[in-house]
Amino acid sequence: MTKITETISFQIKMLVEKVHIAIDVLKSGMLEDKRLTLQIARLDEIHPVVSGNKLFKLHYFLAEALKTRQTVVTFGGAYSNHLAATAFACQQAGLESFGIVRGEASPALSPTLQECRRNGMQLIFVSREQYSAISHKTDLINFPGLPANPLVIPEGGYHPMGARGAALIMDKLGKTKADFIVAAVGTATTIAGLLQETSPVQQIIAVPVLKNLADIHQRVAYLNSDRHYTNLEVWGDYHFGGYAKKSPQLISFMNEIYKDYVLPTDFVYTAKMLFAVMDKIKNNFFPAGSSILCLHTGGLQGNRSLPQGTLVF
């Protein structure tokens, strides 16, 4: 490894090591009446671009790519937080990156994809059918437009290496003793990482943001060496129609949460997760005296797809 590569590798390692995750405590009359403690782990604040859970899921992939200066290839849609984070991280690490984008190229690229290009990522657009067939793979030999022997990161870091990185979140949270830990789910990689480092008496709750994501337990088993967990619960009714789908009710909720707690959320992940938690609180799901920790997994850049003035923040 050259001296410059060693320096960059050290900087990436230190970026994770220096991370501090702030914890917001939400207070309301309802929470007091039900004797509940509700906390938000502000992963969205750890970095302006590689925010939320992305830094952690990318950590070991980047370390591996730096060993041999491999080109990094990954996947995402037009507003993918994962693509944006990977492009920036690779630029900072001096690594070449490619993004395989779901859907045909449009005349005007989304702000996310424009940012990816500014950060040096080369974009390859494929049909949705082709994307579905390859976005989970790590072997893209002879794929048109890619260099030989790239390091391939599946969509959202969905790989045991990504889960191992997500497990670092628990270290940064000081092995929290919260009774319930809740996170939005796209690929289940973050949830798998949390399960690696939590106690069996802590309930881990997954809130899928995709419609009909019915295989979360199977995904976790793949990510965590075929381990199965009895403390994992899935709330599958809060996707608001599917990935990146929204409704006036969800937008209104986002604005209310910001007005009440100065807490910005995104409509793809965190808003749906928090809506689910608040709904369950109203319906007495959590026993009195419980402590609940919700992960704000970032992704605020996705709100740029909304018309100006939709949100109050």
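The values are calculated or read from the model by the stated rules, or taken from the named source; none is laboratory data. No experiment lies behind these values; they were computed from the predicted model shown. Every residue, glycine among them, receives a Cβ derived from its backbone with ideal geometry; neighbour counts consider all protein chains shown. Just so you know, the surface numbers come from the protein's heavy atoms only, side chains and all, with ligands and any DNA or RNA stripped out. Shrake-Rupley method; radii C 1.70, N 1.55, O 1.52, S 1.80 Å.
List of remarks:
- Condition broken by C90, with the remaining ones in (1) open to solvent by 20 Å² or more (accessible area, probe 1.4 Å); (2) of a type outside the set (S, T, N, Q); (3) more than 25 Å from L210 (Cα to Cα) satisfied: (1)
- Hits in the stretch 40-69 (condition: crowded, with 18+ Cβ neighbours inside 10 Å, of a type outside the set (D, E, K, R) and not in a helix (DSSP H, G or I)): I40, A41, I46, V49, V50, S51, G52, N53
- Test: residue in the stretch 177-188 that is outside any helix (DSSP H, G or I) and without any contact (Cβ under 8 Å) to a residue 12 or more places away in the chain: no
- Subset of the stretch 181-204 that is crowded, with 24+ Cβ neighbours inside 10 Å and more than 15 Å from L43 (Cβ to Cβ) - its residue that is farthest from the chain's Cα centre (by Cα): L195
- Residue-level check: of (1) closer than 30 Å to G309 by Cβ; (2) in contact with a helix residue (DSSP H, G or I) (Cβ under 8 Å, 6 or more places away or on another chain); (3) modelled with pLDDT of 95 or more; (4) surrounded by fewer than 22 Cβ atoms within 10 Å (Cβ to Cβ), K211 misses just (2).
- Residues located in the stretch 96-108, provided they are in a loop (DSSP other than H, G, I, E, B) and at pLDDT 95 or above: E96, G103
- Residue pairs whose Cβ atoms lie under 6 Å apart, separated by 6 or more positions or on different chains, with the first residue in the stretch 136-159 and within 16 Å of C90 (Cα to Cα) and modelled with pLDDT of 95 or more and the second assigned to a loop (DSSP other than H, G, I, E, B) and open to solvent by 60 Å² or more (accessible area, probe 1.4 Å), are V152/T138; P154/H136.
- Taking first residues from the stretch 215-232 that are within 13 Å of L194 (Cβ to Cβ) and among the hydroxyl-bearing types (S, T, Y) and partners that are open to solvent by 30 Å² or more (accessible area, probe 1.4 Å) and not in a helix (DSSP H, G or I), the Cβ contacts under 8 Å between residues at least 6 apart in sequence or on separate chains come to Y229/P200.
- Residue within the stretch 169-180 that is within 24 Å of L66 (Cβ to Cβ), touching an Asp or Glu at 6+ places or on another chain (Cβ under 9 Å) and either open to solvent by less than 10 Å² (accessible area, probe 1.4 Å) or at pLDDT below 95 (or both) present: yes
- Scanning the stretch 130-146 for residues that are part of a loop (DSSP other than H, G, I, E, B) and touching a Phe, Trp or Tyr at 6+ places or on another chain (Cβ under 8 Å) turns up S135, H136, G145, L146.
So that you can scan it fast, the table gives a plain yes or no per residue for (1) under 17 Å from the mean Cα position of the chain (by Cα); (2) without any contact (Cβ under 8 Å) to a residue 12 or more places away in the chain:
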site	(1), (2)
D279	no, no
K282	no, no
F286	no, no
G289	no, no
L295	yes, no
G298	yes, no
Q301	yes, no
S305	no, no
Q308	no, yes
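- Only a single item in (1) under 30 Å from K280 (Cβ atoms); (2) open to solvent by 10 Å² or more (accessible area, probe 1.4 Å); (3) assigned to a strand (DSSP E or B) is not met by F125, and it is number (1).
- Across the stretch 225-264, the qualifying residues are those that are assigned to a helix (DSSP H, G or I) and open to solvent by less than 40 Å² (accessible area, probe 1.4 Å), and the one among them that is farthest from V207 (Cα to Cα) is N255.
- All of (1) of a type outside the set (S, T, Y); (2) within 25 Å of H82 (Cβ to Cβ); (3) assigned to a loop (DSSP other than H, G, I, E, B) hold for R219 with one exception: (3).
- Residues in the stretch 109-122 that are within 21 Å of the chain's Cα centre (by Cα) and outside any helix (DSSP H, G or I) were compared, and the one that is nearest to V73 (Cα to Cα) is M121.
- Test: residue in the stretch 139-162 that is acidic (D, E) and under 16 Å from the mean Cα position of the chain (by Cα): yes
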